[in-house]
1. Can you work out which of the residues in segment 86-121 that are of a type in the set (Val, Ile, Thr) and closer than 18 Å to Lys304 by Cβ is surrounded by the most Cβ atoms within 10 Å (Cβ to Cβ)?
2. Take the residues of segment 313-342 that are part of a helix (DSSP H, G or I) and among the aliphatic types (A, V, I, L, M): which is nearest to Asn71 (Cα to Cα)?
3. Which ones in segment 305-326 are touching a helix residue (DSSP H, G or I) at 6+ places or on another chain (Cβ under 8 Å) and at positive phi?
4. Does Asp181 satisfy the criteria of being out of contact with any Lys or Arg (no Cβ under 7 Å at 6 or more places or on another chain) and either surrounded by fewer than 23 Cβ atoms within 10 Å (Cβ to Cβ) or not basic (Lys, Arg) (or both)?
5. Among the numbered criteria (1) crowded, with 17+ Cβ neighbours inside 10 Å; (2) in contact with a helix residue (DSSP H, G or I) (Cβ under 7 Å, 6 or more places away or on another chain); (3) assigned to a helix (DSSP H, G or I); (4) not charged (D, E, K, R), which single criterion is violated by Thr286?
6. Which count do you get for residues in segment 265-279 that are in contact (Cβ under 8 Å) with a residue 40 or more places away in the chain and surrounded by fewer than 16 Cβ atoms within 10 Å (Cβ to Cβ)?
7. Take segment 150-191 and flag every residue that is among the aromatic types (Phe, Trp, Tyr) and in a helix (DSSP H, G or I).
8. Just for strands (runs of 3 or more DSSP E) wholly inside segment 7-85: which have at least 2 residues that are modelled with pLDDT of 50 or more, surrounded by 17 or more Cβ atoms within 10 Å (Cβ to Cβ) and under 14 Å from the mean Cα position of the chain (by Cα)?
Amino acid sequence: MKQFHGHIPVYLKHLLLAASCISLHACHPDHENLNPGYSTSGHKIYNEYGAIQLIGTNAFHVFGAGSRDMNSWKMDISREFIGNMKQAPLSGSPVLDNNGAYLHSMQAVADSNRLHKRVTVFCAFGWDGTPATVFSGLRPPLTAWWTDYKSRLREWAIHFKDQPDVWIEPWNEPYRYDRADGYSDDIWMNDMTELVTIIRETGNKNIILIPGAEQGQDESVLLNKGSLFLLQKQNILFDIHAYEKWLLASPTEIESRLTELNRYNLPVIFGETAPMNASVLMNPQTFLDIAYNKGFSVCAWTWKYDDNDQDALLTGTGIPNDNNNNNWGSFYRSLAARTRKP
């Protein structure tokens with residue numbers, strides 16, 4: 001059976017992205033004065049002015065690149081990779097982690113995004129930055145680092161609770177793609193409720209992103225349990241990843257599935273999509289056109305300067321990367337330039 005694996009970056013040491021880098025700890029704007037409020041209601045995301053649609057990208061600013069270069073692409077949101085949750089500093093100067101990578105503080109990343117009026121999502125991809133502790137495909141409570149992880153998640157929640165433009169996604173792509181780990185929707189319900197509870201008990205009321213099942217690509221759990229999950233919870237945004245299970249579907253099927261999500265009144269963002277995943281070249285354009293027209297928010301994989309990575313949005317020189325990837329860079333830049341239609 002085709003394995004629908006999510007993207008797991010292995011380039012942890014050489015993501016010093018590009019010429020437009022700015023010093024991340026040079027700006028610390030007043031959080032209260034510059035933060036707009038964000039919320040979810042029904043299937044929409046809101047700021048203080050009304051419903052919004054966000055178009056953005058995944059990024060690796062913890063490794064040291066500022067986000068000013070995203071401005072010309074009109075990116076609204078940056079889903080930030082945190083592969084070493086254990087050591088990524090919340091504030092202060094950069095640290096050298098146990099893998100030899102310098103990690104800038106999460107606060108510095110948030111400050112840089114905020115300076116450019118960009119929402120930050122901190123997504124936990126791994127525990128200590130090694131392949132052995134990558135979160136994708138795992139059930140959170142069964143990991144060896146579960147107790148320490150919960151303490152660290154609580155620290156994240158406390159630190160960012162008064163910064164409404166900083167959202168937390170506590171776990172990237174949980175549970176196996178084929179459900180061979182004994183997965184059930186009740187397990188998802190219990191695990192995700194525990195993660196939300198950890199964050200909310202700190203007083204953090206910001207939006208929380210909650211992933212779907214099957215390493216992020218499955219929406220059936222949201223249709224089965226999403227409405228029940230949302231009871232007594234506020235500011236929840238479900239995250240689905242659009243790779244094979246979405247991009248290889250027909251336009252009619254894509255349209256139908258997106259319509260169903262809206263019919264169930266579920267707040268959804270597509271937190272990852274790209275032309276390459278499990279060694280199959282795909283074309284995200286049809287999916288993204290339909291999702292855009294239905295008002296869904298989306299994030300590309302990924303903001304990276306690399307001629308040789310088919311998923312990178314930019315070449316090494318900073319132009320849209322269209323190298324053997326169905327013109328991914330140019331298409332996504334044109335998508336992000338469109339008028340938002342929430």
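1. Val109
2. Only one residue fits best here, namely Ala336.
3. Once the filter is applied, which keeps residues that are touching a helix residue (DSSP H, G or I) at 6+ places or on another chain (Cβ under 8 Å) and at positive phi, segment 305-326 yields Gly318, Asn326.
4. no
5. With (1) crowded, with 17+ Cβ neighbours inside 10 Å; (2) in contact with a helix residue (DSSP H, G or I) (Cβ under 7 Å, 6 or more places away or on another chain); (3) assigned to a helix (DSSP H, G or I); (4) not charged (D, E, K, R) applied to Thr286, the lone miss is (1).
6. 2
7. Those that are among the aromatic types (Phe, Trp, Tyr) and in a helix (DSSP H, G or I): Trp156, Phe160, Trp188.
8. Counting at least 2 such residues, we get 55-59, 77-82.
The values are calculated or read from the model by the stated rules, or taken from the named source; none is laboratory data. For clarity, every value in this text was computed on a predicted model and none was experimentally measured. Here the Cβ is made from the backbone with ideal geometry for all residues, glycine too, and neighbour counts use every protein chain on show.
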